[in-house]
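The values are calculated or read from the model by the stated rules, or taken from the named source; none is laboratory data. These numbers come from a predicted model, not from an experiment. FYI the Cβ positions are ideal-geometry reconstructions off the backbone, even for glycines, and counts take in every protein chain you see.
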Amino acid sequence: MTLQKAGGSGKSVRVLVVDDHEAWRRFYLTTLQKRPELQVIGQAFDGSEAVHIAQEVQPDLILLDIGLPIMNGIEAARRIQKVSPASKILFVSENRSRDIVEAALTTGAGGYVVKADAAGELLPAVDAVLQLKRFVSASLSAYGLVAPIEDQSRNGVTPLRAEKKIRHEVEFYADDNGFVDGFARFIKAALKDGNAVIVIATDPHQASLLQRLTQDGLDIPAEIEQGSYTPLDVTDTLPNFMVNDSPDPVLFRKLAGDLITKVAKGAKGEHPLVAVCGEGVHTLFAAGNLEATIMLERMWDEIAHEYEVDVLCGYFRSAFANEESASTLERICAEHTAAHGV
């Protein structure tokens with residue numbers, strides 16, 4: 001629980017920020033600081049803390065996540081309405097389920113922002129909620145909860161349509177040969193379909209993939225020149241969006257969005273589709289940073305939802321050797337639409 005003194009004039013808006021991830025709380029603080037009248041007076045890390053702080057300080061506005069420990073955000077919102085009825089609530093969540101969005105809004109909350117859209121929508125949403133207007137992310141407009149707020153197209157990359165089946169899969173490999181076989185299958189299928197491919201792997205794995213794909217009859221240097229195959233060294237890529245050993249959601253979203261927009265131009269099909277395979281999550285996990293691994297998985301899931309992107313995450317089974325492996329493996333698999341080689 002963190003409480004802060006509000007500053008500024010009497011016109012200031014007192015804000016409580018509730019999220020269990022430090023990177024997101026840091027993002028909210030940085031974004032809200034752009035408006036001097038928005039004064040963050042407290043931070044909470046779970047739903048029960050949020051209720052307690054709301055009752056104590058009666059904030060004007062609460063930014064509230066849903067996937068919180070101890071008490072989820074929807075239940076917290078219901079209780080906050082009883083102990084601090086004047087507080088306006090804006091949900092900021094990675095969850096895109098229609099049922100969840102509707103349940104959140106039925107608590108009396110004024111709005112719902114998808115985290116993947118927060119960089120551009122958070123401040124407009126805050127303005128709307130403070131004016132007693134409803135705000136729902138434009139990417140959820142197909143639900144009919146609000147009219148579309150803006151055209152969500154991203155420079156030629158088509159945002160997710162309602163009928164698009166999200167593919168964010170994970171595969172576990174016994175050794176380097178298994179890794180190369182698995183990624184090669186994914187890459188060949190994507191290129192065959194006319195998709196552009198991004199491969200995030202170590203230099204040795206990139207070299208092995210190049211050799212395997214060449215043996216299978218693919219001209220990878222030509223694909224690279226045409227922009228349909230983009231190899232990235234994982235050790236060079238990760239630092240571009242890591243802050244204090246955690247993936248920063250704003251840096252990651254900008255990097256991933258810009259990269260996908262650029263790479264999509266190399267796709268050969270009618271629609272600019274992109275497929276991404278990588279071992280960045282395994283790199284974080286092998287370094288002992290499970291929470292950062294889960295955060296990165298969720299960020300890739302947001303990207304898969306926002307763009308027509310297929311994502312394959314690769315892990316080595318040798319990293320799951322201790323007695324806690326079963327629960328850890330279950331957590332990682334739960335972040336994906338399908339798991340292979342478990």
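With (1) among the hydrophobic types (A, V, I, L, M, F, W, C); (2) modelled with pLDDT of 90 or more; (3) closer than 17 Å to PHE179 by Cβ as the list, and ALA292 as the residue in question, which single condition is left unmet? Only one criterion in (1) among the hydrophobic types (A, V, I, L, M, F, W, C); (2) modelled with pLDDT of 90 or more; (3) closer than 17 Å to PHE179 by Cβ is unmet by ALA292, namely (3).
Selection within the range 212-264: residues that are more than 24 Å from the chain's Cα centre (by Cα) and hydrophobic (A, V, I, L, M, F, W, C). The member of this set that is nearest to HIS305 (Cα to Cα) is ILE224.
Listed here are the residues, each with its yes/no results for (1) part of a strand (DSSP E or B); (2) small (Gly, Ala, Ser); (3) assigned by TED's automatic domain parsing to the domain that holds ALA76; (4) modelled with pLDDT of 95 or more.
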{"residue": "GLY7", "(1), (2), (3), (4)": "no, yes, yes, no"}
{"residue": "LYS11", "(1), (2), (3), (4)": "no, no, yes, no"}
{"residue": "LEU16", "(1), (2), (3), (4)": "yes, no, yes, yes"}
{"residue": "ARG26", "(1), (2), (3), (4)": "no, no, yes, no"}
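Would you say ALA189 is at pLDDT 60 or above, farther than 27 Å from ARG298 by Cβ, assigned to a helix (DSSP H, G or I) and of a type in the set (Gly, Ala, Ser)? Spelling it out, it is not the case that ALA189 is at pLDDT 60 or above, farther than 27 Å from ARG298 by Cβ, assigned to a helix (DSSP H, G or I) and of a type in the set (Gly, Ala, Ser). Scan the range 305-314 and tell me whether some residue there is farther than 29 Å from GLY194 by Cα, at pLDDT 85 or above and either buried (at least 21 other Cβ atoms within 10 Å of the Cβ) or not assigned by TED's automatic domain parsing to the domain that holds PHE183 (or both). No: zero hits.
Considering only residues of the range 86-125 that are of a type in the set (Lys, Arg) and within 21 Å of the chain's Cα centre (by Cα), which is surrounded by the fewest Cβ atoms within 10 Å (Cβ to Cβ)? So, considering only residues that are of a type in the set (Lys, Arg) and within 21 Å of the chain's Cα centre (by Cα), the one surrounded by the fewest Cβ atoms within 10 Å (Cβ to Cβ) is ARG98. The criterion of being of a type in the set (A, V, I, L, M), surrounded by fewer than 20 Cβ atoms within 10 Å (Cβ to Cβ) and farther than 22 Å from LEU191 by Cα holds for ALA286. Scanning the range 298-328 for residues that are free of Cβ contacts under 8 Å to residues at least 40 places away in the same chain and within 23 Å of the chain's Cα centre (by Cα) yields SER327, THR328.
In the range 214-227, the residues that are farther than 15 Å from ASP181 by Cβ and touching a residue at least 24 places away in the same chain (Cβ under 8 Å) form Cβ pairs under 6 Å with partners that are surrounded by 12 or more Cβ atoms within 10 Å (Cβ to Cβ) and not charged (D, E, K, R), at six or more places apart or across chains, as follows: GLU223/TYR229; GLN226/GLY266; GLY227/GLY266. For SER327, are the conditions met, namely being at pLDDT below 85 and of a type in the set (S, T, N, Q)? Yes: the conditions hold for SER327. Condition check: without any contact (Cβ under 8 Å) to a residue 60 or more places away in the chain, under 27 Å from LEU296 (Cα atoms) and touching a Leu at 6+ places or on another chain (Cβ under 9 Å). Does GLY47 satisfy that? Yes; evaluated as a whole, the condition is true for this residue.
On the given criteria, is PRO231 free of Cβ contacts under 8 Å to residues at least 24 places away in the same chain and assigned by TED's automatic domain parsing to the domain that holds SER327? Judged against the criteria, PRO231 is not a match. When you scan the range 268-290, do you find a residue that is among the basic types (Lys, Arg), touching a Lys or Arg at 6+ places or on another chain (Cβ under 9 Å) and outside the structural domain of GLU121 (by TED's automatic domain parsing), even just one? Looking for residues that are among the basic types (Lys, Arg), touching a Lys or Arg at 6+ places or on another chain (Cβ under 9 Å) and outside the structural domain of GLU121 (by TED's automatic domain parsing), one finds none in the range 268-290, hence no. If you check ILE66, ILE70, ILE41 for being closer than 22 Å to ALA116 by Cα and not in a helix (DSSP H, G or I), only one passes: ILE66.
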